[in-house]
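Q: Let me begin by handing over the structure; questions about it come next.
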Amino acid sequence: MDDSDGLQLCTNTIDLFAALPESLRAELCHILETVRLSRGEVLVKEGAAANALYIVASGRFEIRSKNKDDALAEVGPGQLIGEVAFLAGGGRTATATALRESVVLRLSRAAFDALAEHSPQIWQTLTITLARRLADRNRLSSARPDPHPRTIALVPAGKPSIPPEFLERLRQQLNRQANVRFVTVEDCRAISATTAGDVTGTLNALEADHDYIVYVADNALTEWTKTAVRQADLVLSVAIHDRASDAPIELNDVERFVHTLHGLGAQRLVLLHPDKEPIAGTRWWLEQRAVHMHHHICLDDDRCYARLVRFINGSATGLVACGGGALCAAHVGLYQALTEAGVVFDMMGGTSGGAAMTAAFAMGETPEQIEQQTQAMFVSGGAMRRYTLPVYSLLDQTHFDQHLRNCYGTYRVEDLWIPFFAVSTNLSSGGLHCHRDGELWEAVRASGSVPALLPPFFTKNGDMLVDGGLVDNVPIRVMRDLKSGPNVVVTFHVPAHEPFAVNYDDLPSRGQLLRRLATAKDRKRLNDAPLIGTVLARALMAQSERFDPHLEDDDILLVPPMPEGIGLLDWNRHGELKAGAYEWMGDEIKRLNAEASPALALLMLAGASDD
């Protein structure tokens, strides 16, 4: 595509110029200037004078404001940059930065004024069209910018080699849902031979005809590999995982080049496995690689490829589980009913008891196994009934921790086939702590460290972690930060006002309490007021409504009913909770199906794509 073709293409197709007479569009082609930008170059800077309007011919730009933490938008071919300030006057309202090598068409203020002087109808046409575009934008102002990549580079990680089987299976999965073009070094040579060397322009032009362009890099840092990386919105670093690794795996030259151009959000690590056996050693890859997420792929399992594609296209499904003490046994019944109905979860995470349950799901434990382990830990094993001297906590953490080790074994978070996270509260920094690596039992332990009941969990870095319910009892925001796509979000109803028939003056003194504890008859009178564990657990759930602003239309919120009179520490009723939630979820699925729920349809679609 030469510059004249790009000019003609934009003036003929962009809606801002569509209503102009052909003669005026032809005149625009002569006054528009071609500007080429490399990745990272700034096109317009916030606050600068608006002396030009830009049309994106090829490439992609990120729009940011210094007053916002997140990007405002991403702009691609055929879209405008700087049109508001240019036509309305004033300084630039945001900064536009090239996300890859791009070409824009520049309409200067002087050229536009000269054109408008002898063709004043351009003002009326442009302002009417612009007003419509702004009205549409305002209606969508609450929507987040589209984070989905259009161009993907596949580069080797560690020992430079990407198996052909991976390329073919990924191609097949992408082609099931979209129009995809894979581009190799041989394709690049053919393009160079027919375009007088304008490879970048031709590669950008391919986007107009495809949903995705996938650049397959060489196994070394060649000029083609550099071009592929520069052109990519997303880089997948692909490697065959060596289970025998016991030391950090060094970056190769290609990976080092990727890190110089792309931030953490644009990088993912894909580790390939010959079978679905338990994974070990992922930490040696992650220790030297800053990536947004890593994915485990079994080479001959199409379901793994389908999951990876959903993460790429923004349709990955998630399960967000809340904290709630013994009530969290209900998660098991909900999960069982959903998976039996065909729902597939690509990622799971939660807080406190919800983290404990989703960790077991991510391990591949069956509902029956989880129910047995709950019985063994909390009922038979009395994990929350072994008290100690109240110096660090009320409960003996060594007894509790041993039960967790028995449940989660030697699993590590980063080694799970299903991506998982747990949320705890970091009292050292005063904020949220998201567990994405480390021993699984430790993540569960930290997330459920109810203050005073259990001592905090202390990390090797010196962080003091307690129950995540203090900051985020329903961590939908954390899930949203990690992926796009539909989620099942679970919370338990805590009454806004629930009276307790307790006479404060009847609370016993220390002496009275000791005397009552001495006999079984008087011990029953302690149930008149909520015990300390119930008060602490309820306090953690009191902030659970804060998740509402983070729910989106493609999420399904589940609030299962609880049996009458059940308490947050009634672990002996876990079977009843599981069975009740399972039955309720079955009815809820029928209701959502009858209402043709689009959110449920999205979740079921993911399951169907795995078939």
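The values are calculated or read from the model by the stated rules, or taken from the named source; none is laboratory data. Small disclaimer: the values here were computed from a predicted structure and weren't measured. Cβ: placed from backbone, ideal geometry, glycine included. Neighbour counts: every protein chain shown. Side chains are part of the model used for accessible areas, which takes the heavy atoms of the whole protein and leaves out ligands, DNA and RNA. Shrake-Rupley method; radii C 1.70, N 1.55, O 1.52, S 1.80 Å.
Q: Compute the signed sum of charges (Lys and Arg +1, Asp and Glu -1) over the other residues within less than 14 Å, Cβ to Cβ, of Glu371.
A: Numbers: positive: Arg573, Lys578; negative: Glu365, Glu368, Glu576.
Here the charged neighbours net out to -1.
Q: So how far, in whole Å, is the C-alpha centre of segment 175-230 from the one of segment 567-599?
A: 49 Å
Q: Going Cα to Cα from Lys590, which aspartates and glutamates come in below 16 Å? Please leave out same-chain ones fewer than 8 positions away.
A: Those aspartates and glutamates meeting the cut-off are Glu340.
Q: Given the C-alpha centroids of segment 336-412 and segment 266-312, what is the distance between them in whole angstrom?
A: Comparing the Cα centres of segment 336-412 and segment 266-312, I get a distance of 25 Å.
Q: Roughly speaking, to the nearest percent, how much of the chain's 1.4 Å accessible area is carbon and sulfur?
A: 52 percent
Q: Then there is this: Add -39500 (n - 2.57) for each DSSP H run of 4 or more in the chain, then divide by its residues: what number comes out at 222 nm, to the nearest 500 deg cm²/dmol?
A: Working: 24 runs with 238 residues, N = 611.
The helix contribution divided over the chain gives -11500 deg cm²/dmol.
Q: Can you work out ³J(HN,Hα) from phi for every residue in segment 424-438, in order, using Karplus 6.51 cos²θ - 1.76 cosθ + 1.60 and θ = phi - 60°, giving whole Hz and x for Gly and Pro?
A: Values per residue, Gly and Pro as x: 10, 9, 8, 6, 6, 9, x, x, 7, 10, 9, 8, 10, 8, x Hz.
Q: With θ set to phi - 60° and the Karplus curve 6.51 cos²θ - 1.76 cosθ + 1.60, what are the ³J(HN,Hα) couplings of segment 91-101 in order, to the nearest whole Hz, using x for Gly and Pro?
A: 3J(HN,Hα) across segment 91-101, in whole Hz: x, 5, 9, 7, 9, 10, 10, 5, 8, 7, 4.
Q: Report the relative contact order of the chain, percent, no decimals, based on alpha-carbon pairs under 8 angstrom and at least 6 residues apart.
A: On the way: 1115 pairs, mean separation 71.5, N = 611.
Relative contact order of the chain: 12 percent.
Q: Under 15 Å Cα-Cα from Lys66, which aspartates and glutamates qualify once same-chain neighbours fewer than 8 residues away are excluded?
A: Lys66 reaches Glu46.
Q: For Lys159, go through the lysines and keep the ones whose alpha-carbon is under 21 Å away, minus same-chain ones fewer than eight residues off.
A: Lys226
Q: Quick one: net charge of Lys590's neighbours, Cβ under 15 Å, K/R +1, D/E -1? It would help to have the intermediate numbers written out before the result.
A: Working: positive: Arg591; negative: Glu340, Glu583, Asp587, Glu588, Glu595.
In short, -4.
Q: How much net charge surrounds Asn51 when only the other residues with a Cβ under 14 Å from the Cβ of Asn51 are counted, with Lys and Arg +1 and Asp and Glu -1? Display every interim value, and only then the final one.
A: Details: positive: Lys45, Arg92, Arg106, Arg109; negative: Glu33, Glu83, Asp113.
Residues close to Asn51 contribute a combined charge of +1.
Q: 5 Å is the cut-off here: which amide hydrogens, built 1.01 Å from N in the peptide plane, fall below it relative to Ser428, excluding neighbours closer than 5 in sequence?
A: The answer is Met464.
Q: Residue by residue through segment 377-385, what is 3J(HN,Hα) from phi via Karplus (6.51 cos²θ - 1.76 cosθ + 1.60, θ = phi - 60°)? Round to whole Hz and write x for glycine and proline.
A: Computed from phi, the couplings for segment 377-385 are 7, 9, 9, 5, x, x, 4, 10, 10 Hz.
Q: Collect residues whose amide H, placed 1.01 Å from N in the peptide plane, falls under 5 Å from the amide H of Ser58; neighbours closer than 5 in sequence don't count.
A: Close amide H contacts, sequence-distant or interchain: Val103.
Q: Can you compute the radius of gyration and Dmax for the chain, using only the Cα atoms, both in Å?
A: 28.8, 102
Q: Would you mind calculating the relative contact order of segment 199-347 from Cα pairs under 8 angstrom and at least 6 residues apart, reporting the percent as a whole number?
A: On the way: 139 pairs, mean separation 26.5, N = 149.
This gives 18 percent for segment 199-347.
Q: Also: With every protein chain left in place, what is the accessible area of Leu299 in Å² (1.4 Å probe, nearest 10)?
A: 30 Å²
Q: On average, how much accessible surface per residue is there in the chain, in Å², for a 1.4 Å probe, leaving out ligands, DNA and RNA? All intermediate terms of the calculation are to be shown ahead of the outcome.
A: Values: 27870 Å² over 611 residues.
Heavy-atom SASA per residue in the chain reads 46 Å².
Q: Search the structure for amide H atoms under 5 Å from the amide H of Phe421, placed 1.01 Å from N in the peptide plane, and list their residues when 5 or more places away or on another chain.
A: Met348, Gly349, Gly350
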